[in-house]
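The values are calculated or read from the model by the stated rules, or taken from the named source; none is laboratory data. Since this is a predicted model, take the numbers as computed values, not measurements. A quick note on method: Cβ atoms are made from the backbone with ideal geometry, for glycine too, and the neighbour counts reach across all protein chains shown.
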Amino acid sequence: MSMEEQVFGGEHHAGRPTRPLWMAMKRGFLGRCPHCGEGKLFRSFLKTVDRCEHCGEEMHHHRADDLPAYLVVVIVGHIIVGAFMGVEATSTLSTWQHLAIWVPLTIVSALALLRPVKGAVVGLQWAFYMHGFGGESDLVEQHPEA
């Protein structure tokens, strides 16, 4: 029995071609369609387009929800807290000076990362055929109890 016969799950098992995860996330991070990389992913700051203007890929059904915000909090929190602790250990800045530095830096970096991270999450969903990107509906069929 060869290795190819021992595949138990994943995209190969589902009969769908594997989509390039990192390429799709990179394209989304750059604000481009995860499928073709040509069309725009966003029509406003965080609102995605309904469909790609270049390849026609449907985008309206993505479900990024709160994941991009959570990821941005984790990323920015680690960077800002680490930088704050480094500056605090090597300088004698007052509390007000720290506030003047770190509060604006936290806000600006969070706003700067929110859109690219959301694009990467949409790219991840596209690559894994999640939330309608595989052609199926997210609605769960309800079976009446017998």
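For region 117-137, which positions are surrounded by 17 or more Cβ atoms within 10 Å (Cβ to Cβ) and farther than 14 Å from Glu58 by Cα?
Passing the criteria: Val117, Lys118, Gly119, Ala120, Val121, Leu124.
Can you name every residue in region 28-79 that is in a loop (DSSP other than H, G, I, E, B), modelled with pLDDT of 90 or more and within 17 Å of His131 (Cα to Cα)?
Answer for region 28-79, where residues must be in a loop (DSSP other than H, G, I, E, B), modelled with pLDDT of 90 or more and within 17 Å of His131 (Cα to Cα): Cys33, Pro34, His35, Leu41, Lys47, Val49, Asp50, Cys52, Asp66.
Quick grid of which residues meet (1) closer than 17 Å to Leu30 by Cβ; (2) among the acidic types (Asp, Glu); (3) in contact (Cβ under 8 Å) with a residue 40 or more places away in the chain:
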{"site": "Cys52", "(1), (2), (3)": "yes, no, no"}
{"site": "Leu67", "(1), (2), (3)": "no, no, yes"}
{"site": "Leu71", "(1), (2), (3)": "yes, no, yes"}
{"site": "Gly86", "(1), (2), (3)": "no, no, no"}
{"site": "Ala89", "(1), (2), (3)": "no, no, no"}
{"site": "His98", "(1), (2), (3)": "no, no, no"}
{"site": "Val103", "(1), (2), (3)": "no, no, no"}
{"site": "Ala110", "(1), (2), (3)": "no, no, no"}
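With respect to Ala69, is the statement that it is surrounded by 14 or more Cβ atoms within 10 Å (Cβ to Cβ) and either of a type outside the set (Lys, Arg) or farther than 14 Å from Trp126 by Cα (or both) true? Steps first, please.
Details: surrounded by 14 or more Cβ atoms within 10 Å (Cβ to Cβ): yes; either of a type outside the set (Lys, Arg) or farther than 14 Å from Trp126 by Cα (or both): yes.
When the stated conditions are applied, Ala69 passes them.
Within region 14-27, which residues are small (Gly, Ala, Ser) and outside any helix (DSSP H, G or I)? Outline the logic, then answer.
First, pick out the residues of region 14-27 that are small (Gly, Ala, Ser): 14-15, 24.
The answer is Gly15, and nothing else.
Among (1) in contact (Cβ under 8 Å) with a residue 40 or more places away in the chain; (2) surrounded by 14 or more Cβ atoms within 10 Å (Cβ to Cβ); (3) within 15 Å of the chain's Cα centre (by Cα), which single condition is Glu57 missing?
Unmet condition: (3).
Yes or no: Val87 closer than 27 Å to Leu41 by Cα and either modelled with pLDDT under 95 or outside any loop (DSSP other than H, G, I, E, B) (or both)?
Values: closer than 27 Å to Leu41 by Cα: no; either modelled with pLDDT under 95 or outside any loop (DSSP other than H, G, I, E, B) (or both): yes.
Criteria not met by Val87.
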